[in-house]
Amino acid sequence: MTIDSLLQPFEHFGVCLGLDNIRRLLSHLGNPQEQVPIVHVAGSNGKGSVCAYLSSVLTQAGYRVGRYTSPHLVNWNERICLNDHPISTLDLEQTLQQVIAAIRADEPSPTQFEVITAAAWLYFAQQKVDIAVIEVGLGGRLDATNVCDRPLVSIITSLSREHWQRLGPTLADIAGEKAGILKPQCPAVVGPLPPDAAIVVKNRIAELQCPIVWAEPAKWVDPPASPLTPDSLPWAEFRGVRYPLALQGEIQLTNSAMAIAALQILQQQGWQIPYDAIVQGMAKTRWQGRLQWITWQGHKLLIDGAHNPASAEVLRQFVDRQIEPLSQKPKSIHWIMGMLSTKDHADVFKALLRSGDSLSLVPVPDHSSADPIALAKLARELCPGLIQCQTYPALLPALDTAIVKQTSDSSFLVLCGSLYLLGHFFRTAAV
């Protein structure tokens with residue numbers, strides 16, 4: 001059986017926040033989560049980057065490192081990694097079969113996310129990982145990953161008004177859900193938060209007596225005269241540690257600072273993480289689909305998920321910084337976008353679009369996609385100065401048209417709006 005065929009029967013159960021199902025299923029599997037020391041990472045944005053930094057550095061330090069993230073871009077294997085390598089298809093199929101065999105007919109069925117999460121715990125236990133970096137799927141308190149009572153470190157990267165339909169209408173509500181990963185007297189690292197959210201998280205930290213590091217953004221520094229890495233990367237410094245940054249964008253000053261803070265906590269706990277492992281690990285970090293430059297059909301294309309207002313602001317800031325050195329005249333931006341129906345379309349458009357930009361809107365295949373025609377109407381209302389705003393029935397025709405336009409006017413091409421759209425691009429565009 002294929003991985004898709006194994007997981008498809010659980011898709012119709014949707015999202016079901018709560019821990020009863022996953023705990024029951026893990027119990028039937030021998031509670032593998034109790035055999036895996038973890039770093040647990042929650043937040044609205046930045047979770048994946050922080051997980052990628054931690055996994056890369058700990059791998060360079062010589063540990064056997066599991067990493068569990070979601071969603072995937074191209075295939076399910078990406079979600080479960082061992083020393084930064086995705087699980088093999090054979091291993092994933094066999095692990096899923098073990099999980100499914102443990103499901104009892106007289107008990108409520110787990111969801112698809114609960115099944116793949118259980119598979120991650122089981123695989124990491126069977127592989128005897130030294131440590132696993134586990135990313136929260138949705139929220140935190142009731143997320144299927146929140147079954148470890150004593151995490152080595154809990155991290156909350158950021159908070160924004162996302163998934164409010166399930167997590168609550170206010171930032172304070174959402175903060176309460178994210179803070180649900182904090183455990184009594186277990187160390188925590190927290191990034192910059194909006195004031196309403198910060199109050200909730202601070203109160204929870206005080207209640208649980210968690211040792212806390214509030215991570216401010218790192219600072220750019222000059223590369224060392226004799227760097228330990230040959231790559232010509234920018235360097236940053238946080239809490240006395242200087243390191244290269246392989247991931248793009250100013251936001252990585254914040255994300256990398258949280259990773260460094262977590263690594264320092266692990267060092268204090270006795271984990272052997274030498275400085276050269278930090279340098280090499282940070283330099284080798286990769287995180288696909290986030291502020292990533294690719295060449296497609298001979299043309300440069302910037303791709304990024306930018307699936308919520310906060311990440312859209314980060315993308316726009318990055319794009320503006322790319323344009324500033326080019327000329328005094330602003331370069332035309334051509335956005336190729338698709339969004340899910342559940343997203344805050346207006347706020348994403350407000351963050352991204354400027355007069356003089358062009359916009360091509362496409363559906364997100366195989367998901368609950370927002371209607372491109374309705375999105376185009378909204379975009380014109382919010383940014384009447386758009387040079388062009390067109391809809392397309394599929395992604396590739398929109399990209400082809402955008403490349404013709406780029407050839408004629410040297411426009412700056414950006415594909416964004418949904419990680420699922422990027423996954424479709426990687427699967428179908430022969431990158």
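Annotations
- Condition check for Thr295: of a type in the set (S, T, N, Q), within 20 Å of the chain's Cα centre (by Cα) and not in a loop (DSSP other than H, G, I, E, B): no
- The criterion of being of a type in the set (Asp, Glu), touching a Phe, Trp or Tyr at 6+ places or on another chain (Cβ under 9 Å), in contact (Cβ under 8 Å) with a residue 60 or more places away in the chain and at negative phi does not hold for Glu93.
- Contact map, the range 135-151: residues that are in the same structural domain as Thr117 (by TED's automatic domain parsing) paired with residues that are among the charged types (D, E, K, R) and in a loop (DSSP other than H, G, I, E, B), Cβ distance under 9 Å, separation 6+ or inter-chain. Pairs shown: Val136/Asp143; Gly137/Asp143; Cys148/Lys183; Asp149/Lys183; Arg150/Lys183; Pro151/Lys183.
- Any hit, the range 239-253, residues being closer than 26 Å to Pro151 by Cβ and part of a strand (DSSP E or B): yes
- Any pair with Cβ under 8 angstrom, 6 or more apart, that starts in the range 183-197 at a residue that is in contact (Cβ under 8 Å) with a residue 12 or more places away in the chain and ends at one that is among the acidic types (Asp, Glu) and outside any helix (DSSP H, G or I): Lys183/Asp149; Pro192/Glu216
- Condition met for Trp293 (surrounded by fewer than 16 Cβ atoms within 10 Å (Cβ to Cβ) and in contact with a strand residue (DSSP E or B) (Cβ under 8 Å, 6 or more places away or on another chain)): yes
- Being under 17 Å from the mean Cα position of the chain (by Cα) and among the polar types (S, T, N, Q) holds for only one residue in Thr145, Thr111, Thr170, and it is Thr145.
Per-residue answers, yes or no, for (1) buried (at least 24 other Cβ atoms within 10 Å of the Cβ); (2) hydrophobic (A, V, I, L, M, F, W, C); (3) in contact with a helix residue (DSSP H, G or I) (Cβ under 9 Å, 6 or more places away or on another chain):
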{"site": "Leu96", "(1), (2), (3)": "no, yes, yes"}
{"site": "Thr111", "(1), (2), (3)": "no, no, yes"}
{"site": "Ile116", "(1), (2), (3)": "yes, yes, yes"}
{"site": "Trp121", "(1), (2), (3)": "yes, yes, yes"}
{"site": "Phe124", "(1), (2), (3)": "yes, yes, yes"}
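- When Val36, Val74, Val15 are checked against the criterion of being at pLDDT 95 or above and hydrophobic (A, V, I, L, M, F, W, C), Val36 stands alone in meeting it.
- Elements of the type strands (runs of 3 or more DSSP E) sitting completely within the range 327-401 and holding at least 1 residues that are under 24 Å from the mean Cα position of the chain (by Cα) and β-branched (Val, Ile, Thr): these cover 333-337.
- If only residues of the range 85-130 that are outside any helix (DSSP H, G or I) and small (Gly, Ala, Ser) are counted, the one that is nearest to Leu26 (Cα to Cα) is Ala102.
- Residues (among the small types (Gly, Ala, Ser), modelled with pLDDT under 95, buried (at least 20 other Cβ atoms within 10 Å of the Cβ) and part of a helix (DSSP H, G or I)) located in the range 155-210: Ala175, Gly176, Ala197
- Of the criteria (1) among the β-branched types (Val, Ile, Thr); (2) at pLDDT below 95; (3) assigned to a loop (DSSP other than H, G, I, E, B), which one Thr145 fails: (2)
- Of note, Glu216 does not satisfy the criterion of being of a type in the set (D, E, K, R), assigned by TED's automatic domain parsing to the domain that holds Leu142 and farther than 24 Å from Pro151 by Cβ.
- So Gln252, is it closer than 22 Å to Val39 by Cα and touching a Lys or Arg at 6+ places or on another chain (Cβ under 8 Å): no
The values are calculated or read from the model by the stated rules, or taken from the named source; none is laboratory data. Model, not experiment: these values are computed from the prediction. Every residue, glycine as well, gets a Cβ built from its backbone with ideal geometry; the counts of neighbours run over all protein chains shown.
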